1. Which aspartates and glutamates, on any chain, are close to K167 with Cα under 17 Å apart, when same-chain ones fewer than 8 places away are left out?
2. For K161, go through the aspartates and glutamates and keep the ones whose alpha-carbon is under 17 Å away, minus same-chain ones fewer than eight residues off.
3. Percent relative contact order of the stretch 40-156, based on C-alpha pairs within less than 8 angstrom and at least six residues apart?
4. Using the scaling law 2.2 N^0.38 Å as the reference, what is the normalised Cα Rg of the stretch 28-123?
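Read-outs: derived from the displayed coordinates by stated rules, not from any lab. Here the structure is a predicted model, which is why all the values come from computation and not from measurement.
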Amino acid sequence: NANAAAARRQDAILIADDDGKSLRFTCPPETLRLAGYVQISRDGRFVAAIGTDVSHRANQPACRILVWNRATQELIQNWLEPRELNRLRFCVDGNRLAAFVCHSSLRQVDKFRDVATVFDTTSGEKLGLVQHDAALGTGNFMPDNQHLLLTSLGWSGRNRKELFRWKIGADPLVRLGTEQMPDHLSATPSPTCSLGSATAKAAGSGFPRP
């Protein structure tokens, strides 16, 4: 029922701590219709959730990103993004949060759209926004926290799975390698960012940093 779906609201995110106790992270009223993805920073300081905003419409996508202090369950960031985003990734120290779109509603369409953005977790400042003609499969911060490694999903645009490096705040994406990447791709940089590997279930390739 479309009316029932539109009326739904998510009032909290529940996460179990190390002792099995449920921690409740309250969502502001009339913001989040449904959380689709939750991420905890590696150091345990932050909990973030992304999902469909109550204002979302098919022709006007809108998502909501919420960030809480894990220790106090206090909401520290509340971002409304007028675009289709549905995945989150913290950098290693938790000070930056990337949001990107995977399995977007635009398929088999060669159309540029917003695909990734990055925020400063503490200040709330938006540090960059980038476009591409296909949704993304994965997104990971490189160790310098200034770049993201991104893979295209291959279900739209040129219908190719490709690997990209993005300097946050710069445009456009820089493609790494010339070959089409395999399915179920995972990209990992070396600690110095000078080398990286792209691996799949049964295939892999190495690439130097351009």
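1. By straight Cα distance, K167 reaches D114, D120, E125, D144.
2. Answer for K161, where 17 Å is the Cα cut-off: D110, D133, E179, D183, listed by chain and number.
3. Values: 277 pairs, mean separation 22.2, N = 117.
Worked out over the stretch 40-156, it gives 19 percent.
4. For the stretch 28-123, the normalised Cα radius of gyration is 1.08.
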